[in-house]
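The values are calculated or read from the model by the stated rules, or taken from the named source; none is laboratory data. Keep in mind that this is a model prediction, so the values were computed, not measured. Counting neighbours? That spans all protein chains shown, and the Cβs are built from the backbone with ideal geometry, glycine included. Areas reflect the complete protein model, heavy atoms only, side chains present, ligands, DNA and RNA absent. Shrake-Rupley method; radii C 1.70, N 1.55, O 1.52, S 1.80 Å.
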Amino acid sequence: PKYASTQSPRPAVLYCHAAGSYGIELIDPYAGQGVFMQRIAALGHNCYSAAHAGPQAWGNAACLSEMTASYNTLQALPGTKPGKVALIGASMGGLSAMNWAAANPTKVACIVMTIPVINVTDIKGNDRLGYGAYINSAYGGSWTEGQYGANHNPQTMASAGKLNGIPMLIFYGLSDQLCMPAEALTLKAKLGANVTLVPLQGGHIVETYDEVNHDMIVDFIETHAA
């Protein structure tokens, strides 16, 4: 084996679910997500997935509070190395991961994301794929950049330096009509070498996960969550 799977304790992995989900991805075989998480677990990482304030939380305060509870649960498990966790986020889960990381930078080893939400204001302002209403609902009825951007919009937080130093592996869709490809490129320009971008041919659909290179993710987590 390439990795020391018998090493213990090991950093934990926290999964952040996509919109419309209740955090079942760790056991969901669709697009190979369950198989991938089993690979991570087999290397000795405790893995956890929870609802995190429900299917349309969009990285709001309630979501971040529940992520903290998940972090604490992982830290208390036998075999978890105390301290930093690796975050894995899909779509809206990428937003949740980045928002929590910005609020808890000393607790995050790295973030892996697939077709992540990077600019909430763009999605809400342009009502991309009809998600504007969900974002408004998650933020008390109306999202505004001025009220929420500083703590809940990754693009804004990156400009302010709140995501500096956190290694990120981002798989983004070249034909994504929700999380526009330009947002990934802009985030990379702001955060530099800490961000590794991997383009995928797909759009904002679950089938795009089939294009993700699982070996690359395993290598990334093993490198940064040692």
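Values as computed for the structure displayed
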{"read-out": "Residue selected from region 145-165 under the condition open to solvent by 70 Å² or more (accessible area, probe 1.4 Å) and without any contact (Cβ under 8 Å) to a residue 24 or more places away in the chain, by the criterion farthest from ALA103 (Cα to Cα)", "value": "GLY146"}
{"read-out": "Residue within region 113-130 that is closer than 19 Å to THR68 by Cβ, of a type in the set (A, V, I, L, M) and not in a helix (DSSP H, G or I) present", "value": "no"}
{"read-out": "Restricting region 37-60 to residues that are under 16 Å from ALA97 (Cβ atoms) and part of a helix (DSSP H, G or I), the residue that is modelled with the lowest pLDDT", "value": "MET37"}
{"read-out": "Condition broken by THR196, with the remaining ones in (1) open to solvent by 70 Å² or more (accessible area, probe 1.4 Å); (2) closer than 16 Å to LEU163 by Cβ satisfied", "value": "(1)"}
{"read-out": "Selection within region 166-193 - open to solvent by less than 10 Å² (accessible area, probe 1.4 Å), in a helix (DSSP H, G or I) and touching a helix residue (DSSP H, G or I) at 6+ places or on another chain (Cβ under 9 Å)", "value": "LEU187"}
{"read-out": "Residues of region 82-106 satisfying the condition of being within 17 Å of MET157 (Cα to Cα) and open to solvent by 10 Å² or more (accessible area, probe 1.4 Å)", "value": "ALA102, ALA103, ASN104, PRO105, THR106"}
{"read-out": "Subset tally (residues that are open to solvent by less than 50 Å² (accessible area, probe 1.4 Å), part of a helix (DSSP H, G or I) and under 19 Å from LEU185 (Cβ atoms)) for region 200-218", "value": "1"}
{"read-out": "Complete set of residues in region 115-143 that are within 14 Å of the chain's Cα centre (by Cα) and open to solvent by 10 Å² or more (accessible area, probe 1.4 Å)", "value": "ASN119"}
